[in-house]
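What follows is one structure encoded as structure tokens, with my remarks underneath.
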Amino acid sequence: LGKNGFMKIGIIGAGYVGLVTAACLAEFGFQVTCCDKQQARIDMLNQGKSPIFEPGLELLLNKHADKNLFFTSDIQKLIQHNDVLFIAVGTPSDPDTGAADLSAVFHVAAQISDHLNQDKVVVTKSTVPVGTTRRLKQHFTDALQGKNSPHNIHVVSNPEFLREGSAIEDFMRPDRVIIGTDSDYSKSIMDMIYRPLYLYETPIVWTDFESAELTKYASNAFLATKVAFINEIANLCEKTNGTIDDVAKGLGLDKRIGHKFLHPSPGYGGSCFPKDTLAIAHLATEKNAPLTIVDSVITSNDNRKKNLITRIQGFLGKTPYFDHSATALHGKKAALLGLSFKPNTDDMRESPALYVVPDLLAAGCIVSAFDPEAHETAQQVIEDHPKLSFENSITDCLKDADFLVILTEWNQFRALDLGEIKTMMNNPVICDYRNIFAPNMAKQHGFCMDYVGKPALFSTETAHIEMINKKNIDNGAKPVSAVDG
Ligand code: NAD
Ligand code: UGA
């Protein structure tokens, strides 16, 4: 520890996990410095701006900036001036194998052993496959022996369970903290770091490296399984006139199952479920203990996202506004509300929009998209296209649209007035893949609406009458009703 036992903490990686960890540990009262190899990130942070959108983060960063929270791109200084180093760099999927790419983690490890000037505790916060923390320990042992260094590095596995969009709350009030250690010294340091959580009686699971690493992957794989499962049950509801809301409620009331993560969706996305399910499945196969359930979850979720375009086309063909030809979507305007993989984040990683936008463009649509936060990040990952525009308002997005697709359940979309939406659009057609609108309300407003896991309420007949009436009203003629025949 530094002078007078005052602990200084360095965080390597200023992404979602690194920045939230830095801000929250600063809030706990520690002196924290966070570094990133991207100079632009550090410049933004030093100007009081968060490089990512995460509710409450910028406020917390600014509360502590230049008091007990600092940002730097000088990793050598960060390593040398801090007692505890958290590694929070990315561990993306290898595009060929699906295994976790650990190059950033081991690059940081090499920098730590190169610049070591005193004993350190090195904590892996990044999600890393079982065996990585032990490999890191071996790396440090070899490197320090090679240099005849008198110093020691204690490694710790401390996986993170925060969710984007509620990351601060998740870090401050976690369901549990998992800590894998192999020395009393590192245990006592981690105990000090998490002491502020004792106030909330947060359970802390003290364990070995391997179990800590596995707990992280098993948790994400289990949650992904819950989502894929409810999505398949929603498919079954659609074929059998069941109602997914009631089924999920009935399931969730069983305390052994629990009600969370049972919302049907266009498929899970994000930087973690897709990557971590692939990584654990890859590792399991390598270790000859295949996770066939997780393999199926991956396939089920991939297919769900890939098949969205077929679902949209199939549904539109059932409405009176589109024909069944292969060119039915040619020149039609699709309004897309929501791009990020979930609300309250600007993260586009593995978002269903990454499938739907290119597929709609390929089908000949003009796509007009709106997301409250993710335009910039979307533009970085969705190829520029003359028929794709990112609009500044919901109104601009919906104007003269032939159909609307809801992909992310941002709160501000939930409150939209269906009557008003109808006046803005060309056709009253909605594909609501987050179930934000009530089917009976949509029907009352004369919408043809597709939604997930509930019996269809719109009938081609009523929609057809609606269409005739719209034409009649446009021409000044009398509206018709079902009774008129
Ligand atoms: P991220 O991509 O948002 O951030 C990683 C940061 O590390 C980037 O800013 C990058 O520039 C920086 N970096 C990479 N190499 C570096 C180096 N050598 N020196 C300094 N900085 C470097 O990633 P993230 O979403 O914060 O995820 C980080 C890890 O935490 C991953 O393993 C992820 O699986 C895990 N995790 C993420 C979440 C989440 O919600 N995003 C939750 C729990 C765990
Ligand atoms: C997830 C986990 O929830 C975190 O505990 C974990 O720390 C994190 O991954 C990680 O390891 O990085 P996150 O990806 O931020 O967090 O978001 P979630 O809220 O878990 O949602 C993941 C995906 O599942 C989203 O696409 C969401 O729309 C979808 N989902 C979630 C559903 O489709 N239905 C649900 O009921 C819940």
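Below, the figures for the structure above:
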read-out: Relative contact order for region 151-190, counting Cα pairs under 8 Å that sit 6 or more residues apart, in percent; value: 49 percent
read-out: Spin-label model distance (nm) - THR423 vs ILE257, 7 Å beyond Cα toward Cβ; value: 4.3 nm
read-out: Counting all C-alpha pairs of region 36-107, share separated by more than 17 Å (%); value: 57 percent
read-out: Protection proxy ranking of 193-203, 169-179 - average other beta-carbon atoms within 10 Å, highest first; value: 169-179, 193-203
read-out: Cα→Cβ-extended label distance, 7 Å offset, between TYR194 and LEU236, nm; value: 3.7 nm
read-out: Packing-based order for 9-19, 134-144, using average beta carbon neighbours within 10 Å, highest first; value: 9-19, 134-144
read-out: FRET E, pair ASP182, SER296, Förster distance 35 Å, beta-carbon r, rounded to 0.05; value: 0.50
read-out: Long-range Cα-Cα pairs in region 253-306 (distance over 17 Å), rounded percent; value: 48 percent
read-out: Cα Rg, Dmax (largest Cα-Cα span) when computed across region 156-279, Å; value: 17.6, 59
read-out: Probe 1.4 Å, accessible area per residue of the chain, Å²; value: 46 Å²
read-out: Computed P(r) (all Cα pairs; region 247-401; 10 Å bins; percent); value: 10, 31, 32, 19, 7, 0
read-out: Cα point-scatterer Debye curve for region 1-126, base-10 log of I(q)/I(0) at q = 0.16, 0.23 Å⁻¹; value: -0.75, -1.37
read-out: Links that overshoot a 28 Å alpha carbon limit, given the list LYS399/LYS443; LYS63/LYS125; LYS8/LYS226; LYS137/LYS216; value: LYS8/LYS226
read-out: P(r) weight above 15 Å for region 328-422, C-alpha pairs, percent; value: 55 percent
read-out: Volume per residue that the Cα convex hull of the chain spans, once the total is divided by residue count, Å³; value: 166 Å³
read-out: Calculated from backbone phi, Karplus (6.51, -1.76, 1.60) coupling profile of region 383-400 in Hz, x at Gly/Pro; value: 4, 4, 8, x, 9, 10, 10, 9, 8, 8, 9, 5, 4, 4, 5, 7, 4, 6
read-out: Euclidean distance of C-alpha centroids, region 344-401 and region 222-288, integer Å; value: 26 Å
read-out: Percent accessible area from carbon and sulfur atoms, the chain, protein chains only, probe 1.4 Å; value: 52 percent
read-out: Ratio of the Cα radius of gyration of region 337-384 to 2.2 N^0.38 Å, where N counts its residues; value: 1.05
read-out: As computed over region 257-348, the Cα convex hull volume per residue (Å³); value: 164 Å³
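The values are calculated or read from the model by the stated rules, or taken from the named source; none is laboratory data. Keep in mind it's a predicted model, so treat the numbers as computed, not measured. Heads up, the Cβs are rebuilt from the backbone with ideal geometry, glycines too, and the neighbour counts pull from every protein chain shown. The protein model used for the area step is the full one, side chains on, heavy atoms only, and it has no ligands, DNA or RNA in it. Shrake-Rupley method; radii C 1.70, N 1.55, O 1.52, S 1.80 Å.
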